[in-house]
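The values are calculated or read from the model by the stated rules, or taken from the named source; none is laboratory data. Just so we're clear, the structure is a prediction, and the values are computed from it rather than from any experiment. Backbone-built Cβ (ideal geometry, glycine too); neighbour counts: all protein chains shown. In case anyone asks, the SASA skips ligands and DNA or RNA and just uses the protein heavy atoms, side chains included. Shrake-Rupley method; radii C 1.70, N 1.55, O 1.52, S 1.80 Å.
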Amino acid sequence: PAQPAKATKLGKASGVPDWTSLQAMKRVQGPLGSQGGQWYEDSSGQRYLAKPAKSAGHAANEAAVAAIYREFNVGSQTAAIPDASGNPQVLVVGAQIQPANMTPALQAEAKKNMGIDMLLSNWDAYGAGGQNVGIDPNCRLLRLDAGGGGRFRAQGGDKPSFAPGQPWQEPASMITTSFGQSMYGTVTNGEMASAMRQVANIDIARMDAAMKAAGVDDATRKLFRDTIADR
């Protein structure tokens, strides 16, 4: 079973500023999503969104999901960091993102990585009205908010189905929901087979290294490794 969130200790995230450095930056405006938070901008113009998590486990979980998405070039760099009081924060490295109006062409692009959405149980990959997906300057369709994947729901509620030994229902159920219809459109047997081949060939050690670099603690990483291996 997953370690209780209150026992989670955030690791050191690489490649992102710590809380002290963040507080020295300029505060700027930007999209906040459902969790709120604050945008910061450094002297080079790089932006970061720091948003409060429900718990350290919630922050580590979101960082883990985002790290795996990023390994497939469909996610933004995200880390779990403590603030000055030790409270958990999710830090997202900002990018120039345009809204993704899901045309048939974009749905076809989304389907190329729907196996990862299903593997990570990310029911909220699309978000209300598509707020959790966007197009980057390289025309990639990104999953922008990973808070609904893994063992937590978007608002921090527990998702016990994301665990080894639990039935993996998403490959069948996610394509029939309103979210799935908006994100992927119609899914053929061949497209589903391609999605499952991508998942079957996933390099778990590589995913683990990416999670560790994002400051994800040992217990959360083990839950993801074991669940992915089981699935």
(request) Report which label in [x] 47, 37, 35; [y] 47, 42, 29; [z] 52, 39, 28 holds the value of Cα extents along the principal axes in Å derived from the coordinates of this structure. (result) [z]
(request) Any aspartates and glutamates with Cα under 20 Å of the Lys51 Cα? List them, leaving off those in the same chain fewer than 8 positions away. (result) Asp18, Glu41, Asp42, Glu62, Asp83, Asp124, Asp145, Asp158, Asp217
(request) Might you report the magnitude of the Cβ-based charge dipole of the chain about its Cα centre, with Lys and Arg at +1 and Asp and Glu at -1, to the nearest 20 debye? (result) 200 debye
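For Asp42 and Asp218, what does the FRET efficiency come to when R0 = 30 Å and r is the distance between their Cβ atoms, rounded to the nearest 0.05?
Computed FRET efficiency for Asp42 and Asp218: 0.50.
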(message) If you fit an axis through the alpha-carbon atoms of helix 189-200 and take the longest principal axis of the Cα set of the chain, what angle between them do you get, 0 to 90°, nearest 10?
(response) 50 degrees
(request) Could you work out how far apart the two model spin labels at Gln96 and Ala163 are, taking each label as a point 7 Å from the Cα in the direction of the beta carbon, and quote it in nm? (result) 4.6 nm
(message) I want to check the label-to-label distance for Thr176 and Lys26. Put each point 7 Å from Cα in the C-beta direction and report it in nm to one decimal.
(response) 5.2 nm
(request) Roll a 1.4 Å probe over the protein chains and send me the accessible area per residue for the chain in Å². (result) 46 Å²
(request) Just list whichever of Lys26/Lys159; Lys12/Lys54; Lys54/Lys222; Lys12/Lys111; Lys159/Lys212 have alpha carbons separated by over 25 Å in the model shown. (result) Lys26/Lys159; Lys12/Lys111
(request) Work out, step by step, the length gained on full extension between Ile204 and Ala105: first 0.36 nm times the residue separation, then minus their alpha carbon distance; give nm to one decimal. (result) 32.6 nm
(request) Order the following by accessible area, largest value first: Phe152, Phe72. Probe radius 1.4 Å; ligands, DNA and RNA are ignored. (result) Phe72, Phe152
(message) Could you tell me how far the Cα centroid of region 22-86 sits from the Cα centroid of region 141-180, in Å?
(response) 20 Å
